[in-house]
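Written out below as structure tokens is the structure these notes cover.
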């Protein structure tokens, strides 16, 4: 958990020396895990899911977060939040699911996927981010994880039917097998859970 103040101070729990991983001149207010909760982006002042994976500047890899603004009257004091790594999301929920599963956002970007779902849909492996230098701006997953932009026409067609046409199921033929894909919305995050079932 963390609190990023309006005057650009960061407090983290459990404690670690944040200056060992984040340059002191970095302005956390320019990152989505701060500004998506500010007055301009969140006038309702409620909690906000940062549901598109981003690289954690503190070195934890690909991350999604839930954040909320902290106000005193009408003055924004800062943003409190907690993170969930894509790795944890994958291992704890998707790899242990009965059927090959993946989470997809409203733009077609794969948030997380089980290894079997990745194999069936010819998705690239989601690897941890390699920290070569400090992360000074929002960094998001590359387009190769977007199902609407897949190089494979059947995957693009399936993604269009579920994401754009709002179908709750679709068929795809991969590896010589016809597969049923069932999709269920996860409203709090604006994601969709896909499960793949062999015919």
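The values are calculated or read from the model by the stated rules, or taken from the named source; none is laboratory data. Just so it is clear, the model here is predicted, and its values are computed rather than measured. Heads up, the Cβs are rebuilt from the backbone with ideal geometry, glycines too, and the neighbour counts pull from every protein chain shown.
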Handout entry: Candidates 64, 80, 70, filtered to the one that is in contact (Cβ under 8 Å) with a residue 12 or more places away in the chain and touching a helix residue (DSSP H, G or I) at 6+ places or on another chain (Cβ under 8 Å)
Key = 64
Practice task
Just one of (1) within 29 Å of residue 108 (Cβ to Cβ); (2) in a loop (DSSP other than H, G, I, E, B); (3) touching a helix residue (DSSP H, G or I) at 6+ places or on another chain (Cβ under 9 Å) trips up residue 8, so point out which.
Solution key: (1)
Completion exercise
Taking region 88-109 and keeping residues in contact with a strand residue (DSSP E or B) (Cβ under 6 Å, 6 or more places away or on another chain) and either assigned to a strand (DSSP E or B) or in contact (Cβ under 8 Å) with a residue 40 or more places away in the chain (or both) leaves 99, 100, 101, 102, 103, 104, 105, 108, 109
Completion exercise
All conditions in (1) surrounded by 18 or more Cβ atoms within 10 Å (Cβ to Cβ); (2) in contact with a helix residue (DSSP H, G or I) (Cβ under 9 Å, 6 or more places away or on another chain); (3) not in a strand (DSSP E or B) are true of residue 33 except (2)
Exercise for the section: Please go through region 158-179 and pick out each residue that is touching a strand residue (DSSP E or B) at 6+ places or on another chain (Cβ under 8 Å) and more than 16 Å from residue 103 (Cα to Cα). Expected result: 171, 172, 173, 177, 178, 179
Exercise for the section: Return yes or no: is residue 15 exposed (fewer than 11 other Cβ atoms within 10 Å of the Cβ) and either in a strand (DSSP E or B) or not assigned by TED's automatic domain parsing to the domain that holds residue 103 (or both)? Expected result: yes
Practice task
State which residue pairs qualify: first residue on the phi < 0 side of the Ramachandran plot and without any contact (Cβ under 8 Å) to a residue 12 or more places away in the chain and inside region 16-39, second residue surrounded by 13 or more Cβ atoms within 10 Å (Cβ to Cβ) and in a helix (DSSP H, G or I) in any location, beta carbons under 8 Å apart, and separation of 6 or more residues or different chains.
Solution key: 35/29
Exercise for the section: Inspect all residues belonging to region 52-72 and state whether any of them is part of a loop (DSSP other than H, G, I, E, B) and modelled with pLDDT of 95 or more. Expected result: no
Practice task
Kindly establish whether residue 69 is buried (at least 18 other Cβ atoms within 10 Å of the Cβ) and more than 26 Å from residue 112 (Cα to Cα).
Solution key: yes
